[in-house]
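Participant: To start, I am sharing the structure in question, which I have written as structure tokens.
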Amino acid sequence: MIDACSQDSKRLLTLQEALDNIKTNISAITDTEILPLQNALGRVLAADVYSPINLPFDRNAAMDGYAYASADNNPEQAFTLTRVGTSWAGKPFTGQLQSGECIRIFTGAVVPPEADSVLMQEHATAVGENIQFPADAKPLQNIREAGEDIKQGELLCKAGKKLSTFDIGLLAAVGVSEVIVLRPVNIAYFSTGDELTALGQPLESGKIYDSNRYTLNGLLTDPAYRASDLGVIADDPQQLETQFTQAAKNHDVIISTGGASVGDADYVKDILARCGSVNFWKLAIKPGKPLAYGTIGNCHFFGLPGNPVAVVVTFQQLVTPALRKLSGADDLKKLRLQATATCPLKKAPGRQEFLRGIFSQTDDGEIVVTSAGRQGSHILSSMSRSNCFIVLPAACSGIQAGDKVVVEPFDLFL
């Protein structure tokens with residue numbers, strides 16, 4: 001698509017071209033640190049983790065009952081064994097099981113080496129120390145073998161994995177107390193614009209409250225990131241250049257909002273070119289066309305648009321993949337689903353569009369989606385109501401109710 005608003009009429013980059021450019025120019029950080037496991041949630045592993053033990057560590061009972069050796073008994077006839085002890089979870093039976101004997105055993109307790117079966121307590125009848133087993137007692141049941149889940153030396157989590165709650169539980173289960181992780185990505189973010197007013201201050205005519213920094217704060221709340229809020233910078237070229245160059249000295253990424261368009265007070269692109277380099281500017285997407293990406297020294301710079309919905313779209317479509325690669329995390333694709341539109345959707349051909357939508361599933365399993373409301377890039381209320389983007393390709397000229405569309409649920413990856 002040609003940019004009709006630009007005097008040089010350069011072709012706008014597609015979203016995929018922009019992503020390819022960013023990923024080509026970004027390498028994962030390599031600095032590492034050792035963290036206690038309880039502090040590692042959401043951090044990115046720098047090294048593979050292998051199990052130091054078998055899991056389960058011992059053969060153990062899968063339920064409460066009686067452990068015995070099945071070879072001594074005819075499985076088609078009822079039989080009686082003498083209980084000679086008990087194996088508790090954490091306190092194993094220390095004797096040696098002989099023919100004609102059994103032990104009381106509880107879930108998770110160690111099974112004696114002579115036993116190969118556990119009968120559920122509900123199926124046995126105790127008469128003093130004599131335990132009566134039914135004719136249909138199935139042998140070789142209800143025992144968890146050592147290493148049944150994980151073998152000693154088995155790979156548990158690969159480098160590049162962003163540790164989830166369940167990963168933490170798995171590593172704890174095999175006794176891993178600390179992990180080697182990549183350091184957090186250092187990110188500076190700020191808003192630009194003379195019209196911005198701080199929360200808590202009275203709003204004057206011509207002014208707006210600065211919502212973008214609060215949105216970015218939420219989007220950057222991640223254990224793999226260390227984000228610094230640098231506040232609001234006025235539309236002053238010298239102040240902006242000073243902030244850019246200072247922030248680039250001790251951050252991996254700078255994210256600004258506003259000032260990336262073509263107005264007289266939109267300085268971001270020119271300042272980035274002066275103190276660093278501009279890789280690209282302007283994309284064939286809506287909302288979010290005026291986005292500048294480049295570098296200042298070793299620091300990556302993202303100049304996002306000023307309109308609040310455009311901030312969300314460009315962050316999720318471009319900044320998130322960039323930060324994942326920089327953090328060393330595995331590359332994941334956003335989950336996209338096919339859904340049936342329940343209302344018409346307006347669109348002109350030319351740019352790929354991300355409409356705010358609300359998707360749900362009908363009782364018969366069909367995924368349907370409807371518009372979340374007005375779609376202007378300044379309309380935050382529909383952003384708040386939505387739970388997905390409806391992704392319409394550049395060539396699309398509108399959608400009718402009943403048409404199939406692609407939806408991208410928020411915060412779901414494959």
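Readers should treat all values here as calculations from the given coordinates under stated rules, not as data from a laboratory. Quick caveat, the model's predicted, so the values are computed rather than measured. Quick reminder, even Gly has a Cβ in these numbers, built from the backbone with ideal geometry, and neighbours come from all protein chains shown.
Participant: With viscosity set to 0.890 mPa s at 25 °C, what whole-number translational diffusion coefficient in µm²/s follows for the chain from Stokes-Einstein and a Kirkwood radius over Cα pairs?
Facilitator: Answer from the Stokes-Einstein relation: 95 µm²/s.
Participant: Between Ala284 and residues 5 or more places away or on another chain, which pairs have amide H atoms under 5 Å apart, with H built 1.01 Å from N, and which residues are they?
Facilitator: Residues meeting the amide H criterion: Leu13, Thr14, Leu15.
Participant: Sticking with the crude label model, points 7 Å out along Cα→Cβ, report the distance from Asn25 to Asp363 in nm, one decimal please.
Facilitator: Inter-label distance under the simple model: 5.4 nm.
Participant: Same structure, new question: Too long at a 22 Å Cα-Cα cut-off: which of Lys334/Lys404; Lys269/Lys333; Lys286/Lys346; Lys161/Lys334?
Facilitator: Violating the 22 Å limit, Cα to Cα: Lys269/Lys333.
Participant: Which net charge results for the neighbourhood of Ala401, defined as the other residues with beta-carbon distances under 15 angstrom from its beta-carbon, given Lys and Arg at +1 and Asp and Glu at -1?
Facilitator: +1
Participant: May I ask you to compute the full-extension gain from Asn298 to Gln141, defined as 0.36 nm times their residue separation minus their alpha-carbon distance, rounded to one decimal in nm?
Facilitator: 50.4 nm
Participant: Using a 10 angstrom Cβ neighbour count of at most 15 plus a DSSP loop assignment to flag exposed chymotrypsin sites (Phe, Trp or Tyr not before Pro), which longest range of the chain is free of such sites?
Facilitator: Longest gap between qualifying sites, sites excluded: 58-409.
Participant: Which Cα, out of Ala227, Val368, Asn298, lies furthest along the positive dipole direction of the chain (beta carbon charges, K/R +1, D/E -1)?
Facilitator: Result: Asn298, furthest along the dipole toward the positive end.
Participant: Let me ask something additional. DSSP beta bridges in the chain, what fraction antiparallel, as a percent rounded to 5?
Facilitator: Around 65 percent antiparallel, to the nearest 5.
Participant: Relative to the present Cα-Cα distance, how much length would full extension add between Glu178 and Arg11 at 0.36 nm per residue of separation?
Facilitator: 55.1 nm
Participant: What does the helix-only formula give at 222 nm for the chain: each DSSP H stretch with n ≥ 4 adding -39500 (n - 2.57), the total divided by the residues, and the result rounded to the nearest 500 deg cm²/dmol?
Facilitator: Roughly -4500 deg cm²/dmol at 222 nm, from the helical runs in the chain.
Participant: Give the range of the longest stretch in the chain that excludes all trypsin sites (Lys or Arg not before Pro) found in loop regions by DSSP and having at most 15 other beta-carbon atoms within 10 Å.
Facilitator: In short, 11-150.
Participant: How far, in nm, would the chain grow between Leu35 and Asp72 when pulled straight, counting 0.36 nm per residue and subtracting the alpha carbon separation?
Facilitator: Here the answer is 8.1 nm.
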